[in-house]
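Here's the structure, in structure tokens; my notes come after.
The values are calculated or read from the model by the stated rules, or taken from the named source; none is laboratory data. From a predicted model like this one, the values you see are computed outputs, not experimental measurements. Glycine gets a Cβ as well: all are built from the backbone with ideal geometry, and neighbour counts include every protein chain shown. Keep in mind that these areas ignore ligands, DNA and RNA; they rest on the heavy atoms of the full protein, side chains included. Shrake-Rupley method; radii C 1.70, N 1.55, O 1.52, S 1.80 Å.
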Amino acid sequence: MNPKIPPTHKTTSPKHQEDYVFVEKPGEDFTGIKLISGPYASIVLKYGNVGFRPVSEKTPDGALPMVFDYTVIENKIGADTDSQEFINHIGDILVVLLDEQLKEKKELNGENWKNSTS
């Protein structure tokens, strides 16, 4: 039996300070994400485990779907935080966050300096 592969999602390219901000609650040991634009504005969440599907579940274009856990901390607007649309939106944010972390790590390792002096 072949697993059902969801359709490829078009990224919404969320931007820090425009679409989401980092928030902290005194006494907690994690940083949350507060959505500040669009239909999910004011929702606060945190991410849990992040990973990728097995190679056997890759999409037709060869990509491995990302999987992640999340916990909604605050949802005063009563939005459906289990909908595929919401999951896609916060997945886009997670991709941006991971990409920023990768760029920061490369800068700390001097990779940008090495590349700019060649």
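Within segment 57-70, the set of residues being without any contact (Cβ under 8 Å) to a residue 24 or more places away in the chain and open to solvent by 100 Å² or more (accessible area, probe 1.4 Å) comprises Lys58 only. Take Ile73 and decide whether it is more than 17 Å from Asp99 (Cα to Cα) and surrounded by 14 or more Cβ atoms within 10 Å (Cβ to Cβ). Yes.
State whether the residues of segment 95-116 include one that is among the basic types (Lys, Arg), open to solvent by 90 Å² or more (accessible area, probe 1.4 Å) and modelled with pLDDT under 80. So far as segment 95-116 goes, yes, one or more of its residues are among the basic types (Lys, Arg), open to solvent by 90 Å² or more (accessible area, probe 1.4 Å) and modelled with pLDDT under 80. Is it true that Asp92 is open to solvent by 70 Å² or more (accessible area, probe 1.4 Å) and either within 16 Å of Lys15 (Cα to Cα) or free of Cβ contacts under 8 Å to residues at least 60 places away in the same chain (or both)? In short, no.
Candidates are the residues of segment 1-40 that are at pLDDT 80 or above and aliphatic (A, V, I, L, M); the one that is surrounded by the fewest Cβ atoms within 10 Å (Cβ to Cβ) is Val21.
One residue stands out in segment 41-55 among those that are more than 21 Å from Glu85 (Cβ to Cβ) and touching a residue at least 12 places away in the same chain (Cβ under 8 Å): the one that is least open to solvent (accessible area, probe 1.4 Å), namely Gly51.
Of the residues that sit in segment 76-87 and are open to solvent by 40 Å² or more (accessible area, probe 1.4 Å) and either within 13 Å of Gly38 (Cβ to Cβ) or among the hydrophobic types (A, V, I, L, M, F, W, C) (or both), which one is farthest from the chain's Cα centre (by Cα)? Going through the qualifying residues, I end up with Ile77.
Considering segment 29-86, the qualifying strands (runs of 3 or more DSSP E), each wholly inside and each with 3 or more residues that are more than 20 Å from Lys15 (Cβ to Cβ), run over 44-52, 66-74.
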